[in-house]
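Since the structure comes first, as structure tokens, the remarks are kept for the end.
The values are calculated or read from the model by the stated rules, or taken from the named source; none is laboratory data. In this text, all values refer to a predicted model and were calculated from it rather than measured experimentally. Please note: Cβ atoms are built from the backbone with ideal geometry, for glycine as well, and neighbour counts cover all protein chains shown.
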Amino acid sequence: MTITEDLRALEAEAVAAIGAAETLEALESVRIGYLGKKGSLTAVLRGLGGLSAEERPEAGRVSNEVRRSLETAIDERHALLAGAAHATRVAADAVDVTLPGRRHPVGRQHVVHQVVDEIADNFTGLGYRIAEGPQVELDYYNFTALNHPPDHPARALQDTFYVRDLSGDRAAVEGESDVLLRTHTSPAQVHIMEAQKPPIYVIVPGKVYRRDVADPSHSPQFTQIEGLVVDEGITFGDLKGTLEHFLHEMFGPDRRVRLRPHFFPFTEPSAEVDVSCGICGGEGCRSCGGEGWLEILGCGMVDPNVFGYVGIDPERYTGFAFGMGAERIAGLKYGVPDLRLFTEGDTRFLHQF
């Protein structure tokens, strides 16, 4: 058998192998087996040098034809297999638009923020505006301008978070720092009265911080909502009527409201406000400790001494202030016995709201 015949036989064998390749990987193996450096065709071509001068031209022509024939066959088979592989991927990735969609869970507003918004809606409906105040305060705004004497217990380290001394790593101690995390939203009263002259009708929601141990009714961080009214002719009756209206809107018109005398340094007279227990209707149960009432907020008429710090004439203007904890309101509204549930992040609890 001549070398030309060997080349034609190899061509037929290779074309058959190319046609039998079912995958791109198998086709690549065929290509390497025939056209690679150690391939069958390459081995035959290396023998051309030993041919006579008369045989060499014909053998060279046939070898080129065979190589081109195999390369063409490989390219065509490659295109066919690649198209089939693409079609398979498309079919596997296809989306059946007639199938029902998968509903993705959507986040919701936290229940405490829901309650803050509800409270804000109640008061903005009465003509109040919403204001803000800084969470890091000066001692002057948090205590002094709110009529707290220098020896007031609230100023003590065991009740208040003082900002660390920037000149060292140790915590600031009493008397060494006048910067602190606000213990209530009441400092905003002073900022507002400094910046705005009466009439003033505002509420101030925001985070406050106290050195409390977390338990069912206390937290070192919680949300408070401050209210302030300053105008001519404001009386304690206006305060009582405003809070009764608000509490009936929040808890329903059947809930009773009572005010008990109390003391706050920045209001005089002062009162704590209770609502009748929603579980027992005021008859007394475990939830209300048998009293029939639940404490809900503090309030009072703005002390004239506070007006003195902000330059408002107490002979012309009077006002009232109140403060409530949003978590406490939420707990009473939804019957949550432990305020820690609002901050623990248990989605089983939060999904109820």
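Descriptive notes on the structure:
- Residue list for segment 204-247, restricted to those being surrounded by 17 or more Cβ atoms within 10 Å (Cβ to Cβ) and closer than 17 Å to VAL306 by Cα: GLU226, GLY227, LEU228, VAL229, VAL230, ILE234
- Filtered residue count, segment 136-163, keeping only those that are surrounded by 13 or more Cβ atoms within 10 Å (Cβ to Cβ) and under 28 Å from the mean Cα position of the chain (by Cα): 5
- Within the option set ALA26, ALA73, ALA9, ALA59, being modelled with pLDDT under 75, assigned to a helix (DSSP H, G or I) and either assigned by TED's automatic domain parsing to the domain that holds ALA85 or closer than 30 Å to ALA85 by Cβ (or both) holds for one residue only, ALA59.
- Flag for GLU232 being in the same structural domain as GLU327 (by TED's automatic domain parsing) and out of contact with any strand residue (DSSP E or B) (no Cβ under 8 Å at 6 or more places or on another chain): no
- Test: residue in segment 269-286 that is basic (Lys, Arg) and without any contact (Cβ under 8 Å) to a residue 12 or more places away in the chain: yes
- When TYR140 is tested against (1) part of a helix (DSSP H, G or I); (2) under 18 Å from VAL310 (Cβ atoms); (3) at pLDDT 95 or above, just one condition goes unmet, and that condition is (3).
- Positions within segment 253-268 being surrounded by 15 or more Cβ atoms within 10 Å (Cβ to Cβ) and in a loop (DSSP other than H, G, I, E, B), in sequence order: ARG255, ARG256, PRO265, PHE266
- Flag if PHE246 is in contact with a helix residue (DSSP H, G or I) (Cβ under 6 Å, 6 or more places away or on another chain) and part of a helix (DSSP H, G or I): yes
- Taken over segment 187-203, residues that are surrounded by fewer than 23 Cβ atoms within 10 Å (Cβ to Cβ) and out of contact with any Phe, Trp or Tyr (no Cβ under 7 Å at 6 or more places or on another chain) amount to 7.
- Condition check for GLY206: touching a residue at least 12 places away in the same chain (Cβ under 8 Å), part of a loop (DSSP other than H, G, I, E, B), in the same structural domain as PRO153 (by TED's automatic domain parsing) and not charged (D, E, K, R): no
- Residues that are at pLDDT below 90, in contact with a helix residue (DSSP H, G or I) (Cβ under 6 Å, 6 or more places away or on another chain) and either assigned to a loop (DSSP other than H, G, I, E, B) or not assigned by TED's automatic domain parsing to the domain that holds ILE279 (or both), drawn from segment 297-348: none
- Here segment 274-296 is the region considered, the condition is being in a strand (DSSP E or B) and touching a helix residue (DSSP H, G or I) at 6+ places or on another chain (Cβ under 7 Å), and the residue that is surrounded by the most Cβ atoms within 10 Å (Cβ to Cβ) is VAL275.
- Taking (1) loosely packed, with under 12 Cβ neighbours inside 10 Å; (2) on the phi < 0 side of the Ramachandran plot; (3) not aromatic (Phe, Trp, Tyr) in turn, ALA131 satisfies each apart from (1).
- Taken together, ARG46, ARG31, ARG89 contain a single residue that is charged (D, E, K, R), modelled with pLDDT of 75 or more and loosely packed, with under 12 Cβ neighbours inside 10 Å, which is ARG89.
- Count - residues of segment 209-237 that are part of a strand (DSSP E or B) and small (Gly, Ala, Ser): 1
- Among the candidates THR98, THR88, THR72, THR160, the residue that is among the hydroxyl-bearing types (Ser, Thr, Tyr) and touching a residue at least 40 places away in the same chain (Cβ under 8 Å) is uniquely THR160.
- Yes/no for HIS113 being part of a helix (DSSP H, G or I) and surrounded by fewer than 17 Cβ atoms within 10 Å (Cβ to Cβ): yes
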